[in-house]
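All remarks here apply to the structure that follows.
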Amino acid sequence: MSIDCVVLGEDQQLELSRIAQSRSLPAGYVFRARLILMLAEGASFGTIKQRLGTTAPTISRWKQRFLASGMDGLDMLRTRYSLPLGLAWPLHADFEISPPGFFLKTPRTGC
């Protein structure tokens, strides 16, 4: 087995599966969960590129982040803004939340 193989624990497998099936979590997070699940199943980069409509550099980047940091490496807020582990806004399949400062705009009514 290669040192760069993605091997999932039972808890990781379960959580990634829930995230991958979510219709309410951000699409990017769902995409990353699907990508890691496919890598763990042994899918080739070519298969992943075709099924997820992505590129080899994207697959490599998320694979390395997952191998380095586990589930925390897939958290888009933590990776985008490099927040310390204790300060990141958690994204997990068992609840839905919005990051601080996130507001939905409401449509204006006719006045």
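The values are calculated or read from the model by the stated rules, or taken from the named source; none is laboratory data. Remember, predicted model here, so these are calculated numbers, not experimental data. When we count neighbours, we look across all protein chains shown, and the Cβ atoms used for this are built from the backbone with ideal geometry, even at glycine.
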Residue pairs within 9 Å by beta carbon, gap of at least six or interchain, first lying in the range 44-61 and under 18 Å from G73 (Cβ atoms), second among the polar types (S, T, N, Q) and in a helix (DSSP H, G or I), listed first then second, are L52/T58
If a residue must be under 16 Å from L8 (Cβ atoms) and exposed (fewer than 14 other Cβ atoms within 10 Å of the Cβ), how many such residues does the range 34-63 contain? 2
Has the range 24-43 got any residue that is at pLDDT below 95, touching an Asp or Glu at 6+ places or on another chain (Cβ under 9 Å), hydroxyl-bearing (S, T, Y) and not in a helix (DSSP H, G or I)? yes
